[in-house]
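Q: Got a structure here, written out as structure tokens. Questions coming.
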Amino acid sequence: EDKVVQSPLSLVVHEGDTVTLNCSYEVTNFRSLLWYKQEKKAPTFLFMLTSSGIEKKSGRLSSILDKKELFSILNITATQTGDSAIYLCAVETRGGADGLTFGKGTHLIIQP
Amino acid sequence: DVKVTQSSRYLVKRTGEKVFLECVQDMDHENMFWYRQDPGLGLRLIYFSYDVKMKEKGDIPEGYSVSREKKERFSLILESASTNQTSMYLCASSFKLGQETQYFGPGTRLLVL
């Protein structure tokens, strides 16, 4: 059975801090790993990672994938209260087991 | 552990057919969601429901309808399937809207020929 594990489950930091969110996975026929930010209803797409070692950046957010050790991290620098959200990691698989498996999310709270 | 199940992993339908996708959650969650996932587009919300018989349109409701007759079950209906509805459909549920993580089902890959 495909598995995606996120850690920590929740995290409280102060504005300006840097945070690192973790996502490890065990799946058959990996295709890509996706990060989402969930605030209200629908999660917002952040990154899609397919290759090891290539960092993707968007403003203060960045993410990298390690396909050998089967994990990804999402970094947020100079955090702001607007970064408070649940961050979801999902792994897409290919072939006969086509699917998308989500982790349970990391609930990030940024205190002013 | 929360379990969200979807009735089928794969479906192949013909244009014009009526399609039912079913989702069941076992955690007494109030909120349930239907999304579609397409390459490069991320998750897009089709409909969600915050209580039995209550529903709200998401970002892309056209061509879809939903039904929530029981708390644990949320159905997505394609009244007349079209080829542009070929996609991965994901169901999710949560206890509180926006404040708790959504738990996702395994997805249904629908191919409309």
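The values are calculated or read from the model by the stated rules, or taken from the named source; none is laboratory data. As the structure is a prediction and not an experimental result, all values here were calculated from the model. Cβ atoms come from the backbone with ideal geometry, glycine included; neighbour counts cover every protein chain shown. The accessibility values were calculated without ligands, DNA or RNA, using every heavy atom of the protein model including side chains. Shrake-Rupley method; radii C 1.70, N 1.55, O 1.52, S 1.80 Å.
Q: Enter the buried accessible area of the A/B pair, total of both sides, probe 1.4 Å, in Å² rounded to the nearest 100.
A: 1800
Q: Hey, another quick one. Under 5 Å between amide H atoms, partner at least 5 residues away or on a different chain: which partners does A:LYS104 have, H built in plane at 1.01 Å?
A: Counting only residues 5 or more places away or on other chains, the set is A:GLN6.
Q: Taking all protein chains in place and a 1.4 Å probe, what share, in percent, of the accessible surface of chain A do carbon and sulfur account for? Kindly include the intermediate steps, with their values, before the conclusion.
A: Working: 2710 of 5400 Å².
Its accessible area is 50 percent carbon and sulfur atoms.
Q: To continue, here is another question. Leaving ligands, DNA and RNA out of it, report the carbon-plus-sulfur percent of the accessible area of chain B at a 1.4 Å probe.
A: 50
Q: State the Kirkwood hydrodynamic radius of the protein assembly as shown in Å, one decimal place, computed from all pairs of distinct Cα atoms.
A: About 18.0 Å for the protein assembly as shown.
Q: What is the mean number of Cβ atoms from other protein chains located within 10 Å of the Cβ atom of each residue in peptide A:34-46, rounded to a whole number?
A: Per-residue shielding by partner chains comes out at 5.
Q: Each residue of the stretch A:26-37 in turn: what ³J(HN,Hα) in whole Hz from Karplus with 6.51, -1.76, 1.60 and θ = phi - 60°, glycine and Pro shown as x?
A: 9, 9, 9, 6, 4, 10, 7, 10, 10, 10, 10, 10
Q: Highest mean first, what order results for A:13-19, A:40-46 on Cβ atoms within 10 Å?
A: Final packing ranking: A:40-46, A:13-19.
Q: Now a separate question. Pairs A:LYS3/B:LYS55; B:LYS3/B:LYS55; B:LYS18/B:LYS96; A:LYS3/A:LYS41: which exceed 27 Å Cα-Cα?
A: Numbers: A:LYS3/B:LYS55 31 Å; B:LYS3/B:LYS55 22 Å; B:LYS18/B:LYS96 32 Å; A:LYS3/A:LYS41 24 Å.
Those over the limit are A:LYS3/B:LYS55; B:LYS18/B:LYS96.
Q: Quick one: compute the contact order of the stretch B:4-94, relative version, from alpha carbon pairs under 8 angstrom and 6+ residues apart, as a percent.
A: Contact order relative to length: 37 percent.
Q: Something else: Apply the Karplus parameterisation 6.51 cos²θ - 1.76 cosθ + 1.60, with θ equal to phi minus 60°, to every residue of the stretch B:52-61 and state each ³J(HN,Hα) to the nearest whole Hz, in sequence, with x for glycine and proline.
A: 4, 6, 9, 8, 9, 6, x, 7, 9, x
Q: Under a Cβ-only charge scheme (Lys and Arg +1, Asp and Glu -1), can you give me the dipole magnitude of chain A about the Cα centre, in debye to the nearest 20? Walk me through the intermediate numbers first.
A: Details: 12 positive and 12 negative charges, 48 e Å.
Charge dipole, chain A, about its Cα centre: 220 debye, nearest 20.
Q: Under unit Cβ charges (Lys, Arg +1; Asp, Glu -1), what dipole magnitude, rounded to 20 debye, does chain B have relative to its Cα centre?
A: Working: 16 positive and 15 negative charges, 64 e Å.
In debye, rounded to 20, chain B gives about 300.
Q: Among the lysines, which have Cα under 19 Å from the Cα of A:LYS56 when same-chain residues fewer than 8 positions away are ignored?
A: A:LYS37, A:LYS67, A:LYS68
Q: Evaluate the distance, in nm, between pseudo-label points positioned 7 Å from the Cα of B:GLU56 and of A:THR18 along their respective Cα→Cβ axes.
A: Each label point lies 7 Å from its Cα, and together they span 3.8 nm.
Q: Still on this model: Hey, what do the phi angles of the stretch A:87-92 turn into as Karplus ³J(HN,Hα) couplings, whole Hz, using 6.51/-1.76/1.60 and θ = phi - 60°, x for Gly and Pro?
A: With the stated coefficients, the stretch A:87-92 comes to 9, 10, 10, 9, 10, 9 Hz.
Q: Output the antiparallel fraction of DSSP beta bridges having both residues in chain B, as a percent to the nearest 5.
A: The answer is about 90 percent antiparallel.
Q: Once both labels are modelled 7 Å past Cα along the beta-carbon direction, what's the A:GLU39-B:LYS70 spacing in nm?
A: It is 3.7 nm.
Q: Scan around A:GLU15 for amide H atoms under 5 Å from its own, H built in the peptide plane at 1.01 Å from N, and keep only partners 5 or more places away or cross-chain.
A: Amide H to amide H, under 5 Å and 5 or more residues apart or across chains, A:GLU15 pairs with A:GLN111.
Q: Here's another thing I want to ask about it. When you look at the Cβ of every residue in A:100-112, what mean number of other chain Cβ atoms sits within 10 Å?
A: Per residue, the number of nearby Cβ atoms from other chains is 3 on average.
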